[in-house]
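The values are calculated or read from the model by the stated rules, or taken from the named source; none is laboratory data. Remember, it's a predicted structure, so these values are computed and weren't measured experimentally. Every residue, glycine among them, receives a Cβ derived from its backbone with ideal geometry; neighbour counts consider all protein chains shown.
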Amino acid sequence: MVVDFDKIISPELVDSEIIYFEGYSIFRRTDKIIQLQFRDVFDGELRDAKNIIECIRRLSVGEIYPLLVIYGKYNQFSKETRTYIAQARVTKADALVINSLPLKILGNFYLKFDRPNRPTHLFTDVESAVAWIKSLD
């Protein structure tokens, strides 16, 4: 299934260009959160991680914003990719929204073994994730 990102991204939330790629999109929200959304089926590799970090830098325009990541149902990421993302210093905090058991297992593995260098939590819904991000200020 192909996700039409324009239909799930609320236009009133968008404060920057929306950058589209084959498996994901990324933009800055009006509440100063960078939002990254993955398609339902996407396998992330190191080149994607580097691309995402570069996009975050571009959208942050010299600031450091929190990151809201909304995963699709069937996403996976190589160890190289997870390590690279965990060590990147481009976000204030990461809220990861997951909706499947395999991703929950992968997310817990990421938190325990890759140990991101910023506050990072797993959520099952966007509202809780955004509330947590806003509680950090």
Being within 22 Å of Pro11 (Cβ to Cβ), surrounded by fewer than 19 Cβ atoms within 10 Å (Cβ to Cβ) and in contact with a helix residue (DSSP H, G or I) (Cβ under 8 Å, 6 or more places away or on another chain), is that true of even one residue in region 50-67?
no
Note on region 83-93: residues within 13 Å of the chain's Cα centre (by Cα) and either part of a helix (DSSP H, G or I) or among the polar types (S, T, N, Q) (or both) are Ile85, Ala86, Thr91
Sole miss for Asn51 among (1) among the polar types (S, T, N, Q); (2) at pLDDT below 95; (3) within 12 Å of Leu36 (Cβ to Cβ) is condition (2)
Among the residues of region 64-82, is any assigned to a helix (DSSP H, G or I) and not basic (Lys, Arg)?
yes
Is region 32-44 home to any residue that is assigned to a loop (DSSP other than H, G, I, E, B) and modelled with pLDDT of 95 or more?
yes
